[in-house]
Structures are given as C-alpha cells and as structure tokens.
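The values are calculated or read from the model by the stated rules, or taken from the named source; none is laboratory data. As the structure is a prediction and not an experimental result, all values here were calculated from the model. Neighbour counts are summed over all protein chains in view; Cβ atoms, including those assigned to glycine, are modelled from backbone coordinates with ideal geometry. Each accessible area value is taken on the protein alone, full model and side chains, heavy atoms only, with ligands, DNA and RNA left out. Shrake-Rupley method; radii C 1.70, N 1.55, O 1.52, S 1.80 Å.
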Amino acid sequence: MKTFQEFGLEPKILRAITEMGFEESTPIQEKTIPLAMEGRDLIGQAQTGTGKTAAFGIPLVNKINITEERISALIMCPTRELAIQVAEEIEKLGRFKGIRSLPIYGGQDIVKQIRALKKKPQIIIGTPGRLLDHINRKTIKLDDVKTVILDEADEMLDMGFMEDIQSILSLVPEERHTMLFSATMPANIQKLAQQFLSNPEHVSVIPKQVSAPLIDQAYIELHEKQKFEALSRLIDMEAPDLAIIFGRTKRRVDELAEALQKRGYAAEGLHGDLSQNQRDNVMRKFRDGSIDVLVATDVAARGLDVSGVTHVINFDLPQDPESYVHRIGRTGRAGKEGTAWTFVTPREIDHLHFIEKVTRHRINKKPLPSLAEAIEGKQKMTAERILDVMQNETHAEFKGLAIQMLEQYDSVNLLAAAMKLLTGEKKAVEIELTPEEPIRARKKKFDVRSSGRRVGGGYGSGDRRNDRQGGYGGNTGSRYPRKDGGREYGSRDGGEGRSSSNRTREYGNSGNRDRSRTPRKSEETLVNK
Ligand code: ADP
Ligand code: MG
C-alpha cells in the first residue's frame with residue numbers, strides 16, 4: 001500500500017490526513033486518488049467500509065481553490081446520516097486548508113441552511129431531495145460547480161432518487177469532473193454513469209468473498225416464541241461490548257428495545273420514524289458507550305459508520321442475501337473480529353441456505369444458549385470487571401473495610417456476594433412480542449406484459465426450490481442473476497419513477513426504498529401505515 005506522501009498532495013492536506021490517523025491508503029484510495037488528481041471521470045466500486053469517502057475527499061479538498069466564493073463541488077449522498085458523515089470527513093480533511101463545506105439534508109430547518117449557505121461554502125454535501133428544494137428556491141446555484149461526486153449511488157437509486165439526480169446533474173455545467181461511487185454496480189448505475197460521466201475509468205476493489213472472513217457467523221434454529229429468551233441469554237453469554245440487533249419492522253424494533261430495557265439492558269431502538277434529534281441522541285449514546293445494544297431496522301442501520309461493534313444479532317432473518325451482508329458488515333470492521341448470530345425459524349431454514357449460497361459463506365449451526373451458559377457468561381463478565389478494577393484502577397479507599405470484613409467473614413462467601421450484587425439479577429418481567437411472519441421465498445409470478453403467458457403464482461408453486469428460483473432469478477426485475485454465481489448479489493431493479501415530490505422520504509420515510517425492490521408483506525413502512 002502507498003503512503004499518502006506519494007500522491008503529491010498539498011502539505012496542509014497531508015497534515016490533516018496524519019491527524020486523522022490514516023497511515024497508508026486503502027486499495028480503493030490508492031487506485032482512485034491519482035486518477036482523480038488528473039481530473040479523470042471515474043466509477044469507484046468497493047464494499048462498505050473501504051474508505052471511499054477519503055478516496056474522493058482527498059483529491060477534492062486538494063484541488064479546491066480556497067479563494068472561491070461560489071459552490072465549486074457537489075457531493076450527493078442517499079441519506080441525512082451519510083451526508084453528515086461525509087461532511088465530517090471532508091471537514092477534517094480540509095480544516096488546515098480552511099475549506100468551507102456544508103451538509104444539506106432533508107428535515108433540517110431550511111432557513112438555517114440558507115443562513116449557512118451565506119457563508120459561501122465551496123463544497124456542498126447533500127441529499128438529492130433537499131438539494132432540489134434549494135435549487136428551486138435559488139438558494140443553491142450550480143453554475144460554477146466543477147466537481148460532482150455521487151456517493152453510495154446504488155443506495156440513492158434504491159431510494160428512488162434517479163429523477164432527482166438527473167434533474168440536478170442537468171444543471172451542472174457539462175465541463176466538469178464527475179466521480180461515482182457505489183458498493184454494487186447494477187444496470188441502472190451503469191445507465192446513470194453512461195448518461196453523466198465522460199469516458200470514465202472503472203476502478204474496483206472486489207473482495208473474493210462477499211462477506212468479511214473476520215466475521216464469525218452462526219445461526220440458531222428456534223421458534224418465533226423462543227426468540228426473546230434466546231436473545232437475552234445470548235447477550236448474557238456473549239457479553240458484547242457493542243451489539244446491533246436487527247428487527248424486521250419498526251414495531252419490532254420498538255418492542256424489542258422496550259423489552260430489553262425492561263430486562264435491564266442498556267438498549268435503544270433506531271428506525272425511520274424517530275425524529276432527527278432522537279436519532280442523533282441514540283447514535284451518540286451508542287458511540288460513547290452509554291448504551292451497548294442498538295436495535296435497528298435495515299434501513300436505519302445502513303451505511304452507519306460505527307466502529308467497535310462486536311456483535312450483530314439478526315433477531316429476524318433478513319429478506320435477501322444483500323441485507324444479510326450489509327447487516328453483518330456492521331461488525332468486524334477495520335480488521336477487528338466480529339460475531340454475527342442469526343435467528344432462524346424452522347420454516348426459514350431454506351431461506352438461510354439460500355443466503356449461504358449467494359454469499360458463498362457457510363453459517364454454522366449453534367444450539368440455543370442454555371440458561372447455565374447465560375449465567376456463566378454474566379458471571380465471567382463480572383469477574384473480568386472486578387479484575388480490571390483491581391489491576392487498573394485505584395481502590396485503596398476500600399481496602400480498610402475489606403480487611404475488616406475479611407477478618408469476620410469467609411473470603412469466598414464475601415466475594416460471591418459482591419459478585420452477585422455486581423452482576424445484578426435479571427428482572428423477571430414477562431415479555432410478549434408481536435410475532436413476525438416467517439420470511440419465505442417469493443412465489444413464482446409471471447407478469448402478462450413481460451411473459452405474455454400467465455399471471456399469478458400457479459407455476460411451480462408446489463415446489464419450494466422452484467419458487468425460489470422464480471423469486472430471485474427468473475422473471476423480470478431479477479435481482480440475483482444465476483450466471484454470475486452470486487458475485488453481483490447486489491444487482492437490483494432500482495426504484496426509479498417514484499414521485500419526487502415526497503421530500504420526507506429522505507429520512508423519516510426511508511423505509512420506502514425497500515418497497516420498490518421487494519413487495520414484502522411485513523416491510524416496516526407497510527406495518528406502520
Ligand atoms: P465507505 O464509504 O467505503 O463505506 P468510509 O469512507 O466511510 O467507507 O470509511 C470507513 C472508515 O475507515 C472511516 O471511519 C474512515 O475514517 C476510515 N478510513 C478511511 N481511509 C482510511 C485509511 N487510509 N486508513 C485508516 N482508516 C481509514
Ligand atoms: Mg461511503
């Protein structure tokens with residue numbers, strides 16, 4: 001890997017990179033930075049967590065002219081959270097150079113944004129919907145934009161931003177430098193690239209295995225009713241530093257977070273219905289460790305960059321292999337080890353095997369954690385805490401009393417009692433969750449328009465294997481083409497053509513995006529409607 005000194009960057013940028021703690025470039029950065037510095041249009045493809053932000057951010061801040069008072073670069077991101085994350089990274093990269101950048105996203109007070117725009121930022125990082133609002137109000141002008149970056153382009157198209165992106169890009173001068181980044185390259189991304197990039201270089205870093213090898217993956221077969229008990233035992237047994245638990249719907253997330261709190265766990269829920277303040281609060285608590293269990297929907301957790309997640313638990317099996325990979329990818333980041341557990345009901349076993357096949361990774365079956373294992377896990381945790389305090393913290397002020405107590409009582413009994421106190425007893429509250437439908441492969445359906453043959457789910461519907469192929473491989477809008485053996489597991493049929501007037505979908509309603517892809521019954525937005 002190259003060090004950042006080798007790219008010929010300005011000293012102020014190098015200093016910022018050093019302060020950020022980056023020692024050498026990641027593969028996507030090594031390939032992208034030189035091309036971007038030459039001004040080449042490019043398509044960058046690499047998994048989440050590979051450093052794509054700095055791959056475009058570094059050459060961008062390097063070339064921005066600091067005396068410029070008009071917007072000279074535009075970065076588009078799918079969600080508010082990602083826009084904020086990217087903006088933070090750009091801010092850090094550009095701080096010694098004194099670059100002005102501003103995130104612009106839906107939900108935030110527009111008047112406040114207009115005021116911030118008056119400070120003449122050179123770089124705008126925005127979500128498409130809100131950007132268009134500003135463009136229409138003429139509070140953002142794109143006439144001087146020289147660089148455009150589409151970040152997480154696949155996510156943006158999934159969320160139905162195709163039209164908005166097209167409208168925005170048509171307003172940027174054609175003489176410009178355009179870069180597109182995406183974890184996957186479905187056909188609609190290629191179409192977008194063809195339309196708006198000129199002779200782009202394709203830069204990709206595709207891992208051999210779809211899912212990270214550092215993640216230890218296991219599943220537990222159980223019944224819906226056993227899930228909560230299994231979850232609390234698993235948490236006790238594994239004593240995660242930070243865990244993300246995935247539930248299928250918003251209701252599920254709310255119920256689970258509440259149930260965990262009732263049992264005495266430091267847990268919070270995260271989903272698209274929360275206000276932005278609530279979301280920010282939850283994320284802050286998770287990052288600073290004041291909660292150690294985050295319960296989330298796929299949509300809410302996607303793209304979040306949280307380091308130090310030791311465990312991912314799929315309380316509900318995800319619908320598709322791609323979500324599975326995204327979910328478990330929240331752990332095992334930056335070369336650290338992670339553990340992913342998945343709960344599977346008997347009727348979902350076939351679906352799990354399908355996920356294994358597409359991700360080309362075996363998921364090991366483990367037994368339900370027993371009560372004894374859970375207790376042992378908790379006790380071990382307490383013992384570790386005690387030893388940690390003994391070795392690393394001052395505790396002299398307790399020694400006098402300790403000696404007195406030891407003179408009167410048996411040492412084993414004393415320590416056992418202290419451990420019991422520290423471990424805390426699980427609150428014996430009854431927990432009742434609303435059951436979720438099991439995930440099943442979709443029935444084969446032929447659309448009259450595309451096949452001209454038949455409608456409905458009759459064909460092969462008695463044969464589960466056949467069903468699955470129909471659902472994932474066969475008909476129009478196929479999402480997992482057979483021939484590529486699963487590498488393009490993320491190819492999707494996109495979410496174009498949805499109304500672009502609904503601005504709230506940028507955040508509060510982000511669950512919508514999945515609906516365009518998979519008409520599944522228990523999707524979070526549907527449940528809440
Ligand atoms: P992506 O957009 O590919 O999902 P990010 O740009 O969000 O990934 O980067 C993931 C994490 O890696 C961030 O916390 C980022 O600060 C960090 N990172 C990026 N580049 C480097 C590097 N060269 N060395 C160390 N950490 C890096
Ligand atoms: Mg990114």
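Tabulated values for the structure
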{"read-out": "Between the stretch 232-260 and the stretch 53-85, the Cα center-to-center distance that results, in Å", "value": "36 Å"}
{"read-out": "His353, His326, His223, ranked by accessible area, largest first (probe 1.4 Å)", "value": "His223, His353, His326"}
{"read-out": "For Glu24, net neighbour charge (Lys/Arg +1, Asp/Glu -1) across residues whose Cβ lies under 10 Å away", "value": "-2"}
{"read-out": "Pairwise FRET efficiency - Ser167 versus Ser307, Cβ, R0 = 41 Å, nearest 0.05", "value": "0.70"}
{"read-out": "Apportionment of accessible area to carbon and sulfur, the stretch 215-371, percent (1.4 Å)", "value": "47 percent"}
{"read-out": "Extended-chain gain in nm, criterion 0.36 nm per residue less alpha-carbon gap, Asp143 and His395", "value": "84.3 nm"}
{"read-out": "Ranked packing of 44-54, 121-131, 1-11, most packed first, by mean Cβ within 10 Å", "value": "121-131, 44-54, 1-11"}
{"read-out": "Hits among aspartates and glutamates - C-alpha to C-alpha of Lys141 under 18 Å, sequence gap 8 or more where chains match", "value": "Glu68, Glu69, Asp133, Asp164, Glu174, Glu175"}
{"read-out": "Sites matching GluC sites (Glu not before Pro) across the stretch 281-383 that sit in DSSP coil, with at most 14 neighbouring C-beta atoms within 10 Å", "value": "Glu337"}
{"read-out": "Cβ-placed point charges (K, R +1; D, E -1), dipole of the stretch 215-371 about Cα centre in debye, nearest 20", "value": "100 debye"}
{"read-out": "Cα-Cα over 27 Å, subset of Lys285/Lys366; Lys92/Lys285; Lys120/Lys146; Lys119/Lys191; Lys12/Lys112", "value": "Lys285/Lys366; Lys119/Lys191; Lys12/Lys112"}
{"read-out": "Two-site label geometry, Glu337 and Lys357: point separation in nm, points 7 Å out along Cα→Cβ", "value": "3.2 nm"}
{"read-out": "Cα gyration tensor shape of the stretch 265-382, rounded if a/c is under 1.5, else prolate or oblate by comparing a/b with b/c", "value": "oblate"}
{"read-out": "Inter-centroid distance (Cα atoms) of the stretch 148-188 relative to the stretch 326-387, Å", "value": "36 Å"}
